[in-house]
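As structure tokens, the structure follows; a few thoughts come after it.
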Amino acid sequence: MKDLSPGSPREQDIAAQAAGWVMRRDRGLTPGEQDDFSRWLAADPRHGGHFARLQQAWLRLDQIEHWRSEPGAEPDPDLLVPPARRRVLRWPLALAAAAMVAWALFAVWPRGPGAAVPAPGTSVAVAPREPPVAQDYETRTLPDGSLVEMKPGTAVVVDYTPGERDVRLFRGEAQFTVAKNPNRPFVVTAGGVGVRAVGTAFDVNLSGPAVEVLVTEGRVQVVAGAAGHALARPAASYPIAAGHEATFSSDPAAPPPRDVPVTSAQIEDRLAWRPTLLSFTAAPLAEIVAGFNRHNRVQLVVADSPTGAIKLDLLAFHSNNVDAFVRLLEADYGVRAAAAGDTITLSRTE
């Protein structure tokens, strides 16, 4: 029988592996490493728990590394103490990495008699009172390999537990691409609605009094009027399949939600806020500008017809890379760009 107790060699090995993945994720994963990381997470439910705890510790170390003291209201009596008596706190990368591995092993090592051990289901993250708001399009890879794409103005908080992956959407709209893990459901709660998935892709929009759920891949179960944990009540759940959407109102007098089919064109229009690759061949500038404007808060404006008629090739250009596109126009096509707020006006220099 395998020894799975805290502090067992197997648990220590998992913690050390998790520490390695945290550091590799910090410097950036190659596509192959990303696949390996996803397989590692799916291989054992404990992997995600260890990774989440170490990721939180790594983020705290990163905050210390970038911390700079501010002038205090009271003088520091130790400011002029000779160097031999002063303690200097430094966190070079090598020391932080060593501390991470040591922390990983300590976290699973048996405590003394009476020491508190977190019970199954204990949260591994604490939600802040005011969740950060995405100012522009933002994408995050979660500890389990799932992907969250956030529309500008969106606020989410991730709170993973050993048995469930919880994401709370406070406002805005987000597209979720969920890494498959049947033993650890992925639950998004928003406005009293819980959306549960195992491995799928769906969009949740909380921009008003209602919650809109659009499924682009797989299938989800939705519960209205309850937290995500209430999804265990089958009588209150609504299944939604790929290519369908449903709107859930917070008004108790509203009619029951029903899912309606949506076309590929409608899905593309709904998710137009997400960046995509734009490719044009011998296309007029006005047409290319329209493609950029569909995906960005910053809007391009063509000053006149001659400017809009300029033809150019644009191959595999990211739609959210407006600045690079404008620089290309100025450098190679004789176009002047004038920025004012969230608008950039384009005009010929001739």
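The values are calculated or read from the model by the stated rules, or taken from the named source; none is laboratory data. Fair warning: this is a prediction, and the values are worked out from it, not measured in the lab. Glycine also receives a Cβ, built like all others from the backbone with ideal geometry; neighbour counts cover every protein chain displayed.
Checking the stated criteria, Ala340 turns out not to satisfy the condition of being under 36 Å from the mean Cα position of the chain (by Cα), loosely packed, with under 10 Cβ neighbours inside 10 Å and modelled with pLDDT under 90. For the stretch 234-263, the set of residues classified as surrounded by 14 or more Cβ atoms within 10 Å (Cβ to Cβ), part of a loop (DSSP other than H, G, I, E, B) and β-branched (Val, Ile, Thr) consists of Val262 only. Do you know which residues across the stretch 332-350 are under 21 Å from Asp136 (Cα atoms) and part of a loop (DSSP other than H, G, I, E, B)? Within the stretch 332-350, Gly341, Asp342 meet the criteria. Being of a type in the set (D, E, K, R), part of a loop (DSSP other than H, G, I, E, B), surrounded by fewer than 17 Cβ atoms within 10 Å (Cβ to Cβ) and modelled with pLDDT under 80, is that true of even one residue in the stretch 132-155? No - not one qualifying residue is present in the stretch 132-155.
I'd like the full set of residues that are small (Gly, Ala, Ser) and surrounded by 18 or more Cβ atoms within 10 Å (Cβ to Cβ), limited to the stretch 192-209. Matches in the stretch 192-209: Gly194, Ala197, Ala201.
Would you check if Asp269 is assigned to a strand (DSSP E or B), without any contact (Cβ under 8 Å) to a residue 60 or more places away in the chain and surrounded by fewer than 15 Cβ atoms within 10 Å (Cβ to Cβ)? The answer is no for Asp269.
Regarding Pro252, is this residue closer than 30 Å to Gly192 by Cβ and of a type outside the set (Phe, Trp, Tyr)? Here the answer is yes, as Pro252 does meet what is asked. Please find, among Leu314, Leu329, Leu278, the residue that is in contact with a helix residue (DSSP H, G or I) (Cβ under 9 Å, 6 or more places away or on another chain), part of a strand (DSSP E or B) and either under 21 Å from Glu149 (Cα atoms) or modelled with pLDDT of 85 or more (or both). After ruling out the rest, the residue left standing is Leu278. Right, Ala286: in contact with a Gly (Cβ under 7 Å, 6 or more places away or on another chain), touching a residue at least 12 places away in the same chain (Cβ under 8 Å), not basic (Lys, Arg) and not in a strand (DSSP E or B) or not? Judged against the criteria, Ala286 is a match.
Criterion applied to Arg184, Arg171 was being in contact (Cβ under 8 Å) with a residue 40 or more places away in the chain and either more than 10 Å from the chain's Cα centre (by Cα) or in a loop (DSSP other than H, G, I, E, B) (or both), and the one residue passing it is Arg184.
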